[in-house]
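A quick write-up on the structure given underneath.
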Amino acid sequence: MLRLLRTQAVVPARVHAASPWAVRFDPHAHVKLGVVLSGECWMALDGCEPVQLRQGDFFLLNNPPSYTLASLLDMPPGQAAAFHESENDGEVRIGARAHEDTYVCCIDFVFEETNASVLFDVLPPIVLVRAGDPRGALLANLSALTVAEMESAGVGRSLVLEHLAQLILVHMLRVHADQTDRPVGWLGALVEDGIGAALRAMHADVARRWTLDELAAVSRMSRSAFAAAFKAKVGTAPLTYLIEWRMSLARDALRSDTRSISELAAATATNPRAPSVRHSGA
């Protein structure tokens with residue numbers, strides 16, 4: 001799914017702030033990841049209850065509207081764009097350096113617009129992973145590596161940051177799926193043994209002429225139970241999902257000019273003799 005989104009990570013400036021402070025951020029199309037490296041602050045996302053973030057907390061914002069980060073909720077905010085004009089070597093400082101008490105690092109993600117909804121639709125507005133959550137231990141290690149790389153001037157810095165950002169995003173999705181009772185859409189389906197097995201089978205052999213009986217057998221469920229469970233979790237019928245997935249792959253291949261129209265027609269046909277197209281679904 002993430003490969004289909006053609007994910008691009010943009011690492012914005014790191015924010016060092018001294019109380020009292022407040023910054024208003026414009027809406028961001030797609031996804032923003034962040035971690036509080038020291039101190040604490042409030043996040044007030046338009047339309048959501050404010051949440052307090054403490055040192056070691058991670059947050060993921062899904063297609064967020066305007067929001068404010070602040071030391072105090074009633075503090076009048078300044079605009080983030082104005083603060084970024086003072087950026088120096090990838091850092092923004094708010095207030096006196098000697099009194100800095102909060103350090104926040106964020107990463108913006110931008111996706112292929114045509115397929116972006118496959119991620120937006122399975123995530124809530126905010127995903128939080130609190131400091132001390134054992135499921136977030138690897139995130140802490142990855143964030144330490146990311147910050148160290150941001151603060152370095154090593155050769156290949158941008159490439160390393162791009163890959164670290166991708167790893168953090170994947171692990172945030174894993175933790176969200178693990179800590180949520182009922183994650184929705186394909187993300188929720190993948191973590192269930194039965195439906196997840198069928199999804200992985202479809203993604204691994206997208207050109208196969210799958211039948212409902214075969215997919216139910218892969219899931220070790222009856223035909224009727226599988227069809228009902230799949231639609232309840234993913235939001236569409238199994239074979240409809242397969243057609244839509246084939247079309248998404250075809251659109252992506254056409255945009256990237258990796259296959260001709262005739263090749264795509266053969267690869268996505270329901271003919272059992274059609275050449276198989278392999279594509280990971282995770």
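The values are calculated or read from the model by the stated rules, or taken from the named source; none is laboratory data. All figures in this text were calculated on a predicted structure; none of them were measured in a lab. When we count neighbours, we look across all protein chains shown, and the Cβ atoms used for this are built from the backbone with ideal geometry, even at glycine.
Remark: pairs (first residue in the range 170-196, surrounded by fewer than 20 Cβ atoms within 10 Å (Cβ to Cβ); second residue at pLDDT below 75 and not in a helix (DSSP H, G or I); Cβ separation under 6 Å; 6+ apart in sequence or on different chains) = Ala177/Pro183; Ala177/Val191.
Considered as a group, the residues in the range 56-85 that are in contact with a Pro (Cβ under 7 Å, 6 or more places away or on another chain) and surrounded by fewer than 16 Cβ atoms within 10 Å (Cβ to Cβ) include one that is nearest to Ser19 (Cα to Cα), and that residue is Leu72. Across the range 87-119, the number of residues qualifying as modelled with pLDDT under 70 and farther than 27 Å from Ala140 by Cβ comes to 1.
Let's see how each residue does on (1) in contact with a helix residue (DSSP H, G or I) (Cβ under 6 Å, 6 or more places away or on another chain); (2) of a type in the set (D, E, K, R); (3) closer than 20 Å to Val10 by Cβ; (4) surrounded by 19 or more Cβ atoms within 10 Å (Cβ to Cβ):
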position	(1), (2), (3), (4)
Val104	no, no, yes, yes
Val110	no, no, yes, no
Asp121	yes, yes, no, no
Pro134	no, no, no, no
Leu139	yes, no, yes, yes
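If you go through the range 5-26 and pick out every residue that is over 18 Å from Ser38 (Cα atoms), in a loop (DSSP other than H, G, I, E, B) and in contact with an Asp or Glu (Cβ under 9 Å, 6 or more places away or on another chain), you end up with 3. Tally the residues that are in contact (Cβ under 8 Å) with a residue 40 or more places away in the chain and either farther than 18 Å from Gln8 by Cα or of a type outside the set (A, V, I, L, M, F, W, C) (or both), restricting the search to the range 159-169. Matching residues across the range 159-169 total 2. Restricting the range 51-64 to residues that are of a type in the set (S, T, N, Q) and in a strand (DSSP E or B), the residue that is farthest from Thr146 (Cα to Cα) is Gln52. Restricting attention to the range 114-133, does a residue exist that is out of contact with any His (no Cβ under 9 Å at 6 or more places or on another chain), of a type in the set (Asp, Glu), farther than 24 Å from Gly185 by Cα and not assigned by TED's automatic domain parsing to the domain that holds Met247? Yes; the residues of the range 114-133 include at least one that is out of contact with any His (no Cβ under 9 Å at 6 or more places or on another chain), of a type in the set (Asp, Glu), farther than 24 Å from Gly185 by Cα and not assigned by TED's automatic domain parsing to the domain that holds Met247.
Residue under question is Cys48, and the condition is that it be outside any loop (DSSP other than H, G, I, E, B) and over 17 Å from Ile168 (Cα atoms); does it hold? It is false that Cys48 is outside any loop (DSSP other than H, G, I, E, B) and over 17 Å from Ile168 (Cα atoms). Residues in the range 35-56 that are touching a Phe, Trp or Tyr at 6+ places or on another chain (Cβ under 7 Å), farther than 23 Å from Glu113 by Cβ and not hydrophobic (A, V, I, L, M, F, W, C): Ser38, Gly39, Pro50, Gln52. Selection of the range 229-259 for residues being within 20 Å of Asp121 (Cα to Cα), among the hydrophobic types (A, V, I, L, M, F, W, C) and either modelled with pLDDT under 80 or part of a helix (DSSP H, G or I) (or both) yields Ala229, Phe230, Ala232, Val234, Leu239, Leu242, Ile243, Trp245, Met247, Leu249.
Does Leu159 satisfy the condition of being of a type outside the set (Asp, Glu) and surrounded by 14 or more Cβ atoms within 10 Å (Cβ to Cβ)? For Leu159, the condition - of a type outside the set (Asp, Glu) and surrounded by 14 or more Cβ atoms within 10 Å (Cβ to Cβ) - is not met.
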